[in-house]
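Asker: Let me give you the structure first, and then I'll get to my questions.
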Amino acid sequence: MKKLSRKQIIGILCAVVALVAVVSVIVVDRGEAAEFVPYAQFAQWVDEGLVREVAIGDTLVMAFQLHSSENLYETSNPRNPALTEQLLLAGVDVVEQGAFVGITSLLPFVLLGGVFFFAFRAMSKNSGKGAMALNVTATDVSQSKIGFQSVAGNVEAKDMVSDVVDFIKNPDKYARYGARMPRGMIFYGPPGTGKTLMARAIAGEAGVPFFAVSGSDFVQMYVGVGAGRVRELFKKAREAGRAVIFIDEIDAVGKTRTSGASGGNDERDQTLNALLTEMSGFEGTEGIVVIAATNRLDTLDEALLRPGRFDRQVEIALPDLVGRESILQAHANGKPIEKSVDLARLAKQTVFFSGAMLENLLNEAAINAAKSGKETIGQAEVDKAFYTVIAGSEKADRSGIKDKERRITAYHEGGHALATKLLSPENSVAKITIIPSTKGAGGFCLNLPPDKMYYTKAELECQAISLLAGRAAEEVVFGAENVTTGASNDIQRVNALVKDYVTKYGMSNKLGLATATGEVADQICRETVNQLYEKAAELVRRHKDKLDKIADALLEKETLNEDELDLLLA
Ligand code: ADP
Ligand code: MG
Ligand code: ZN
């Protein structure tokens with residue numbers, strides 16, 4: 001460890017104090033040393049069915065064991081309440097770590113101490129490399145058979161990335177023409193659609209090492225660790241020469257910074273800045289490509305999407321009918337499936353299934369056959385598996401979504417698109433969809449404002465009205481009693497925006513440049529939001545015919561791009 005910032009030194013001092021206070025608890029918790037693996041590795045082992053048992057508590061790391069050995073492993077604890085269910089569904093035993101439940105008051109110390117303990121151990125392990133070490137090792141995919149042929153369907157996405165393979169192989173060729181290849185690509189789409197698979201396939205096709213990490217590996221409580229890990233990761237990739245760096249769950253570091261939140265998050269900002277700095281430090285001739293994956297593009301910080309960064313955004317969508325059939329065929333390969341099982345028909349029945357769900361379906365069918373000692377996999381096993389997968393699946397499968405909900409979503413997203421198009425023509429509405437992107441989110445309208453230094457008062461107001469137009473459309477079309485919870489994210493964002501508008505930028509007519517806080521400011525923000533909402537509702541009412549057109553098109557096609565939207569409004 002060379003240069004430590006003051007913050008880091010203070011952090012270490014605090015950690016030492018905390019460590020002394022809690023060392024006994026930690027010793028009890030940890031027993032002997034466990035090997036730390038990145039979360040992405042853990043997730044992959046879970047996918048592959050290698051994990052036997054996971055102990056989940058409230059700590060920063062969680063311990064787990066594999067079927068194959070008695071060794072103890074640890075990985076970052078994403079502290080995602082849905083994880084337990086996911087693991088149970090994947091057949092992993094979950095042990096709730098009750099040790100800390102009764103002493104929640106000690107929790108902050110335990111966490112702090114845990115971080116220090118972990119950092120300390122990492123330091124002694126790779127002595128000389130510093131406490132920031134990230135345990136990442138490249139997978140050598142050149143030997144493996146993963147390539148584009150492993151990715152069934154997803155034709156458009158494959159098209160969009162095929163030139164990158166050539167670039168990794170011959171960066172000089174592109175440099176000679178002065179072409180700037182994307183340094184970063186973002187794969188976005190629902191879980192299980194093959195984003196990780198596609199990234200691996202690119203590395204496989206190019207025959208270069210694949211460095212996979214998860215965004216959550218970077219987000220630590222100890223300021224500076226994440227940034228250090230980013231630099232470490234890029235250093236390793238550079239040492240390998242050409243490489244594909246894959247950052248899963250990029251939202252963990254790159255979520256939109258909402259100004260309403262408690263003064264921002266130092267650690268995350270530092271990590272994000274380190275990532276952007278490393279990426280802009282690339283020479284065009286290095287043959288290193290960074291691929292990030294996220295379920296939701298609309299929640300990412302715009303700074304990530306600017307030119308020279310993750311400037312190629314590739315949608316990895318749920319497969320359509322043809323895609324589903326080819327994914328089923330790919331995974332049927334090597335399984336003794338009876339001729340009478342009609343995969344084309346199965347593809348028709350599996351509307352809204354992701355690739356992972358289709359793979360899972362055939363796997364369950366194979367397990368069913370094996371359990372009953374049958375030689376082959378027949379229709380009965382497939383049917384049984386179908387229900388297991390459906391019942392076990394979360395909202396990711398949209399088959400249960402009612403028509404009414406789809407209609408509301410179509411009008412809500414349509415409202416955003418309409419307002420943006422009418423009020424902020426210089427923005428780009430890159431995509432609008434009613435396909436739910438994650439649990440709870442009905443759809444989204446991707447609205448990219450132009451990159452500029454200043455926004456005018458009028459522009460900020462238009463932005464706020466566009467955010468409110470989703471809820472306004474719900475109210476105008478379905479009535480005040482029928483508005484939904486779908487607008488909660490919009491409402492949070494608009495309130496943060498208006499708060500800045502009033503208190504930071506001095507734009508409210510009532511308050512002017514004076515600064516106000518507390519009650520007074522809150523009151524003015526409330527009035528401003530209400531006025532803007534009235535404007536949004538007014539706009540929706542006046543252009544209801546256009547809104548109907550957008551909503552109808554969405555109900556029919558589910559997704560519209562900018563050209564299709566312009567055509568509707570022309
Ligand atoms: P994501 O990263 O988007 O969540 P993954 O790449 O982890 O999805 O996919 C999980 C698994 O689902 C893959 O390992 C593969 O077995 C299966 N799968 C998903 N999409 C496809 C596809 N297009 N072709 C073949 N298999 C797929
Ligand atoms: Mg993945
Ligand atoms: Zn909305």
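The values are calculated or read from the model by the stated rules, or taken from the named source; none is laboratory data. Note that the structure is a prediction, hence the values are computed from the model and not measured. Using ideal geometry, Cβ is built from the backbone for each residue, glycine included, and neighbour counts are taken over all protein chains shown. Accessible surface is based on the protein model in full, side chains and every heavy atom, while ligands, DNA and RNA are left aside. Shrake-Rupley method; radii C 1.70, N 1.55, O 1.52, S 1.80 Å.
Asker: Any idea how many residues of region 312-340 are more than 16 Å from ligand 2 (Cβ to nearest atom), in contact with a helix residue (DSSP H, G or I) (Cβ under 7 Å, 6 or more places away or on another chain), open to solvent by less than 70 Å² (accessible area, probe 1.4 Å) and part of a helix (DSSP H, G or I)?
Answerer: 5
Asker: Same structure, new question: In region 162-208, how many are aromatic (Phe, Trp, Tyr) and in a helix (DSSP H, G or I)?
Answerer: Taking region 162-208 as the starting set, the residues that turn out to be aromatic (Phe, Trp, Tyr) are 167, 174, 177, 187-188.
After this cut, where a residue has to be in a helix (DSSP H, G or I) as well, the list is 167, 174.
Of the residues in that region, 2 qualify.
Asker: Out of all the residues in region 50-60, which are more than 16 Å from residue 37 (Cα to Cα) and open to solvent by 20 Å² or more (accessible area, probe 1.4 Å)?
Answerer: 58
Asker: Does region 274-285 contain any residue that is farther than 25 Å from residue 416 by Cα, in contact with a helix residue (DSSP H, G or I) (Cβ under 7 Å, 6 or more places away or on another chain), open to solvent by 60 Å² or more (accessible area, probe 1.4 Å) and part of a helix (DSSP H, G or I)?
Answerer: First pass over region 274-285, keeping only residues farther than 25 Å from residue 416 by Cα: 274-285.
Narrowing further to those that are in contact with a helix residue (DSSP H, G or I) (Cβ under 7 Å, 6 or more places away or on another chain): 274-276, 278, 284-285.
Among the residues that remain, those that are also open to solvent by 60 Å² or more (accessible area, probe 1.4 Å) are: 285.
Add one more test, that the residue is part of a helix (DSSP H, G or I), and what stays is none.
Checking region 274-285: not a single residue is farther than 25 Å from residue 416 by Cα, in contact with a helix residue (DSSP H, G or I) (Cβ under 7 Å, 6 or more places away or on another chain), open to solvent by 60 Å² or more (accessible area, probe 1.4 Å) and part of a helix (DSSP H, G or I).
Asker: Another question about this same structure. Name the residue that is modelled with the lowest pLDDT, counting only residues in region 440-460 that are buried (at least 20 other Cβ atoms within 10 Å of the Cβ) and not in a strand (DSSP E or B).
Answerer: Top of the filtered list is 442.
Asker: Still on this structure: For residue 229, state whether it is more than 16 Å from ligand 3 (Cβ to nearest atom), modelled with pLDDT under 90 and in contact with a Leu (Cβ under 6 Å, 6 or more places away or on another chain). Working first, answer last.
Answerer: Numbers: more than 16 Å from ligand 3 (Cβ to nearest atom): yes; modelled with pLDDT under 90: yes; in contact with a Leu (Cβ under 6 Å, 6 or more places away or on another chain): yes.
Yes: the conditions hold for residue 229.
Asker: Still on this structure, I have one more. Among the residues of region 353-371, is any open to solvent by 50 Å² or more (accessible area, probe 1.4 Å) and farther than 23 Å from residue 194 by Cα?
Answerer: yes
Asker: Another one. Could you list, in sequence order, the residues of region 470-479 that are under 29 Å from residue 454 (Cβ atoms) and open to solvent by less than 50 Å² (accessible area, probe 1.4 Å)? Don't jump to the end; show me each part of the working.
Answerer: Just the residues of region 470-479 that are under 29 Å from residue 454 (Cβ atoms), to begin with: 470-472.
Across region 470-479, the qualifying residues are 470, 472.
Asker: While we're here: Would it be correct to say that residue 149 is at pLDDT 90 or above, surrounded by fewer than 17 Cβ atoms within 10 Å (Cβ to Cβ), more than 16 Å from ligand 3 (Cβ to nearest atom) and closer than 29 Å to residue 359 by Cβ? Spell out the reasoning first.
Answerer: Numbers: at pLDDT 90 or above: yes; surrounded by fewer than 17 Cβ atoms within 10 Å (Cβ to Cβ): yes; more than 16 Å from ligand 3 (Cβ to nearest atom): yes; closer than 29 Å to residue 359 by Cβ: yes.
Yes.
Asker: Would you pick out the residues in region 160-204 that are open to solvent by 60 Å² or more (accessible area, probe 1.4 Å) and within 16 Å of ligand 2 (Cβ to nearest atom)? Before you say what the answer is, go through the steps one by one.
Answerer: Filtering region 160-204 for residues open to solvent by 60 Å² or more (accessible area, probe 1.4 Å) gives 160, 169-170, 172-173, 176-178, 180, 191, 197.
191, 197, listed by residue number.
Asker: Still on this model: Is one or more of the residues making up region 61-76 open to solvent by 40 Å² or more (accessible area, probe 1.4 Å) and modelled with pLDDT under 75? Please lay out each step first, then the result.
Answerer: Going residue by residue through region 61-76, those that are open to solvent by 40 Å² or more (accessible area, probe 1.4 Å) are 67-68, 70-72.
Filter again for modelled with pLDDT under 75, leaving none.
No, every residue in region 61-76 fails to be open to solvent by 40 Å² or more (accessible area, probe 1.4 Å) and modelled with pLDDT under 75.
Asker: Ok, one more. Which condition from (1) at positive phi; (2) at pLDDT 80 or above is the one that residue 263 breaks?
Answerer: Exception for residue 263: condition (2).
Asker: Continuing with the same structure: Are any of the residues in region 551-569 free of Cβ contacts under 8 Å to residues at least 60 places away in the same chain, more than 20 Å from residue 429 (Cα to Cα) and more than 16 Å from ligand 3 (Cβ to nearest atom)?
Answerer: Taking every residue of region 551-569 in turn, none turns out to be free of Cβ contacts under 8 Å to residues at least 60 places away in the same chain, more than 20 Å from residue 429 (Cα to Cα) and more than 16 Å from ligand 3 (Cβ to nearest atom).
Asker: Considering only residues of region 286-298 that are open to solvent by less than 30 Å² (accessible area, probe 1.4 Å) and not in a strand (DSSP E or B), which is farthest from ligand 3 (Cβ to nearest atom)? Give the derivation first.
Answerer: Going residue by residue through region 286-298, those that are open to solvent by less than 30 Å² (accessible area, probe 1.4 Å) are 287-294, 297.
Within this subset, residues satisfying the condition of being not in a strand (DSSP E or B) are 287, 297.
Working: 287: 40, 297: 14 Å.
Within region 286-298, the match that is farthest from ligand 3 (Cβ to nearest atom) is 287.
Asker: Looking for something under 23 Å from residue 255 (Cβ atoms) and modelled with pLDDT of 95 or more - is there at least one such residue anywhere in region 470-481?
Answerer: Going through region 470-481, the residues under 23 Å from residue 255 (Cβ atoms) turn out to be 470-471.
With the extra rule that they be modelled with pLDDT of 95 or more, the set shrinks to 470-471.
Yes, there is a match, as at least one residue in region 470-481 is under 23 Å from residue 255 (Cβ atoms) and modelled with pLDDT of 95 or more.
Asker: On to the next question. Can you tell me which residues in region 412-434 are open to solvent by less than 40 Å² (accessible area, probe 1.4 Å), over 12 Å from residue 569 (Cβ atoms) and not in a strand (DSSP E or B)?
Answerer: Residues satisfying the conditions are 412, 413, 415, 416, 424, 427, 434.
Asker: Ok, one more. From 358, 343, which residue is at pLDDT 90 or above and within 16 Å of ligand 2 (Cβ to nearest atom)? If you could, list the steps in order and put the result at the bottom.
Answerer: Numbers: 343 fails: within 16 Å of ligand 2 (Cβ to nearest atom).
Checking each option against the conditions leaves just 358.
Asker: Check region 505-524 and report whether any residue there is closer than 25 Å to residue 300 by Cα and surrounded by fewer than 20 Cβ atoms within 10 Å (Cβ to Cβ). Lay out the reasoning, then the answer.
Answerer: Looking only at region 505-524, we keep the residues that are closer than 25 Å to residue 300 by Cα, and these are 505.
With surrounded by fewer than 20 Cβ atoms within 10 Å (Cβ to Cβ) added as a condition, the list becomes 505.
Within region 505-524, one or more residues are closer than 25 Å to residue 300 by Cα and surrounded by fewer than 20 Cβ atoms within 10 Å (Cβ to Cβ).
Asker: Looking at region 560-567, can you tell me whether even one residue there is open to solvent by less than 20 Å² (accessible area, probe 1.4 Å), modelled with pLDDT under 95 and either in contact with a Cys (Cβ under 7 Å, 6 or more places away or on another chain) or of a type in the set (A, V, I, L, M) (or both)?
Answerer: First, pick out the residues of region 560-567 that are open to solvent by less than 20 Å² (accessible area, probe 1.4 Å): 560, 565.
This time we only want the ones that are modelled with pLDDT under 95, so: 560, 565.
Among the residues that remain, those that are also either in contact with a Cys (Cβ under 7 Å, 6 or more places away or on another chain) or of a type in the set (A, V, I, L, M) (or both) are: 560, 565.
Yes - at least one qualifying residue is present in region 560-567.
This table checks each residue for (1) modelled with pLDDT of 60 or more; (2) within 26 Å of the chain's Cα centre (by Cα); (3) more than 16 Å from ligand 1 (Cβ to nearest atom).
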| residue | (1), (2), (3) |
| --- | --- |
| 42 | yes, yes, no |
| 53 | yes, yes, yes |
| 59 | yes, yes, yes |
| 78 | yes, yes, no |
| 107 | no, no, yes |
| 122 | no, no, yes |
| 128 | no, no, yes |
| 137 | yes, yes, yes |
| 142 | no, no, yes |
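Asker: Another one. Could you run through region 480-496 and say how many residues are open to solvent by 20 Å² or more (accessible area, probe 1.4 Å) and more than 12 Å from ligand 3 (Cβ to nearest atom)?
Answerer: 4
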